[in-house]
1. Of all residues in segment A:120-144, which are aliphatic (A, V, I, L, M) and either surrounded by 13 or more Cβ atoms within 10 Å (Cβ to Cβ) or in contact with a Pro (Cβ under 6 Å, 6 or more places away or on another chain) (or both)?
2. Against the condition in contact with a helix residue (DSSP H, G or I) (Cβ under 7 Å, 6 or more places away or on another chain) and open to solvent by 60 Å² or more (accessible area, probe 1.4 Å), how does B:Lys64 come out, does it pass?
3. For residues that are crowded, with 19+ Cβ neighbours inside 10 Å and more than 14 Å from chain A (Cβ to nearest Cβ), tally how many sit in segment B:210-225.
4. Give all pairs with beta carbons closer than 9 Å in which a residue from segment B:90-115 that is β-branched (Val, Ile, Thr) meets a residue that is part of a helix (DSSP H, G or I); count only pairs at least 6 apart in sequence or on separate chains.
5. In segment B:92-129, what residues are under 21 Å from B:Ile143 (Cα atoms) and open to solvent by less than 50 Å² (accessible area, probe 1.4 Å)?
6. Does any residue of segment B:158-178 turn out to be polar (S, T, N, Q) and exposed (fewer than 13 other Cβ atoms within 10 Å of the Cβ)?
7. Within segment A:158-167, is there a residue that is among the acidic types (Asp, Glu) and either away from every other protein chain (no Cβ under 14 Å) or assigned to a helix (DSSP H, G or I) (or both)?
8. Considering segment A:171-215 alone, what residues qualify as being part of a loop (DSSP other than H, G, I, E, B), more than 12 Å from the chain's Cα centre (by Cα) and not basic (Lys, Arg)?
Amino acid sequence: MIDLSIIRLKGVSKKYPPDNLALRGLDMDVRKGEFVFLTGASGSGKSTLLKLLYCAERPTSGQIIVDGLDLSTLSPSQIPFLRRKVSVIFQDFKLLSSKTVFENVSISLEVLGLKRTQIEKRVRQVLEGVGLSGKLGHTPLELSGGEQQRVAIARAVVNRPPIILADEPTGNLDSDRTDEVLLLMEELNARGATIIFATHDERLYKNTHRRVFRLSDGRIEVTGP
Amino acid sequence: MTLPSLLKRALADLWNDLGTHMLTTVVIFLSALIFSFFSLIYFNLQNFVEHFGTELGLVIYLNKATPQDRIPALYQKLAGLEGVQAVVYISPDAAFKRLASYLKDEKDVLKGVDPKFLPPSFELRINRAVFHLDRLKRLAEKINRWPEVTKVQYGQEWLNKLKRFSVLLRAVVLISGLLLVLSSAFVVSNTIKLTVYAREQEMEILRLVGATNGFIQGPFLIEAFFQGLLGSGLALAFLYAGYRYVETLMGASCLLKGVNISFLPWTFIGIILFGSIFLCVSGTALAMRRFLRL
């Protein structure tokens, strides 16, 4: 049988000192090209789970495999290369206010060592894709919240990663901007990216045909097809 | 990631945060200037003591009753001593003539005085390469034990005073150097920390998009290298300009015309440059360590 999963967790637990068990023996599979929601109340462990997936934290026990890489055997020097495959979008955008939109997005390509001409071409393409082609020279502070999040999405996808983790990306946006971001994520998914969309906004996944992973008390349950 | 791209990023960062980087450079400049200034004085005093001691040489006064036929044997004995470069015999008559020439217009006071009233003597010039004050002292004591010798002079009081002063100055240079290194290390590490903390978010984002530690740290280390090099280089250039100015002044002064001064040795210049660069680069690396943990 062909294994289609791009993310697999087996018995993953995460304990914070002194005795706070954030995740308890999680098992989870996400298939390649899938779009899943990760939900749960505040403090249920959504961000912790995502942090484990991009190696910002290590599990206390269990095994995590991302795109064929066993994260428990990953050395610190290999982590940057994992993060080129796993992009993250945050609720607070994490943009550099002193840099322009173009510079904020191009960072993801500079770390890959691409030539200036290649960087310019790809950044322009991606910004056009998120509807910001006219804002290249603006700084984040000159943009609305929705536009800032679109810059963050552009930065996350410009290096064409196979996996995108979105950690409450619509948490700071009104409902119209939220729908825009969700649509953008669906477009990225349609182009082949695997997406884990963490949110506690029930409206976003209430009528979805996608799988929903719900975290509660450090345990996970899945609903959907 | 190539060196030109790292250089480009480092120069851009330097330009964007010129104020903080200038502060670090000024601290390095002042510390290196004060330390190298004291070192310059110390090196020149050392040179002076050496030069002065060699110039003085040894004067050996013989017993007036020393037979004339013993002089060649004593001459040979002195010339054969280790470290002796030249021996000159001064007979009582020659000594009398020298005294008369020193007195110039006052030489009349010597009228009626026996031209042989001064003792015969030898003047020894010491080889500069083997000169050392303690060695000179031992040599003088050895010669002084010879039966024909009544007194040996080598300007020991002056040399001892100069030696004590140069030891004191060396202690001042070493202590001031140590204090300067400690204080500048403290100030530099804190200004570097400020720079690093100011760009904490940038480093966090770089780590999230998959930048390696080398990519993140590279420009910071290059900036630190330039700060150390610029600060200490300017200090040495400033000191050299001051040195040339003093040298010109001394050349014009009748009193100091014969005194030679020299600049810091190349090895010492290298140590100051390397030390300053090392201080900045290691301070940056230490300040960044926290941010590079994944």
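The values are calculated or read from the model by the stated rules, or taken from the named source; none is laboratory data. These figures come from a predicted structure and were not determined experimentally. Cβ placement follows ideal geometry from the backbone for every residue including glycine, while neighbour counts extend to all protein chains displayed. For accessibility, only protein heavy atoms count, side chains too; no ligands or nucleic acids. Shrake-Rupley method; radii C 1.70, N 1.55, O 1.52, S 1.80 Å.
1. Across segment A:120-144, the qualifying residues are A:Val123, A:Val126, A:Leu127, A:Val130, A:Leu132, A:Leu136, A:Leu143.
2. On the way: in contact with a helix residue (DSSP H, G or I) (Cβ under 7 Å, 6 or more places away or on another chain): no; open to solvent by 60 Å² or more (accessible area, probe 1.4 Å): yes.
Taking the combined requirement at face value, the residue does not satisfy it.
3. Adding up the residues that qualify gives 4.
4. Short answer, once both residue conditions are applied: B:Ile90/B:Arg98; B:Val109/B:Leu103; B:Val113/B:Phe96.
5. Correct list: B:Pro92, B:Ala95, B:Leu118, B:Pro119, B:Pro120, B:Ser121, B:Phe122, B:Leu124, B:Ile126.
6. Among the residues of segment B:158-178, at least one is polar (S, T, N, Q) and exposed (fewer than 13 other Cβ atoms within 10 Å of the Cβ), which makes the answer yes.
7. Start the filter on segment A:158-167 by keeping residues that are among the acidic types (Asp, Glu), which leaves A:167.
Cutting the leftovers down to either away from every other protein chain (no Cβ under 14 Å) or assigned to a helix (DSSP H, G or I) (or both) gives us none.
The answer is no; no qualifying residue exists.
8. First, the residues of segment A:171-215 that are part of a loop (DSSP other than H, G, I, E, B): A:171-174, A:191-193, A:199-201, A:206-211.
Checking the rest, the ones that are also more than 12 Å from the chain's Cα centre (by Cα) come to A:171-174, A:191-192, A:200-201, A:206-211.
Hits for segment A:171-215 are A:Gly171, A:Asn172, A:Leu173, A:Asp174, A:Gly192, A:His200, A:Asp201, A:Asn207, A:Thr208, A:His209.
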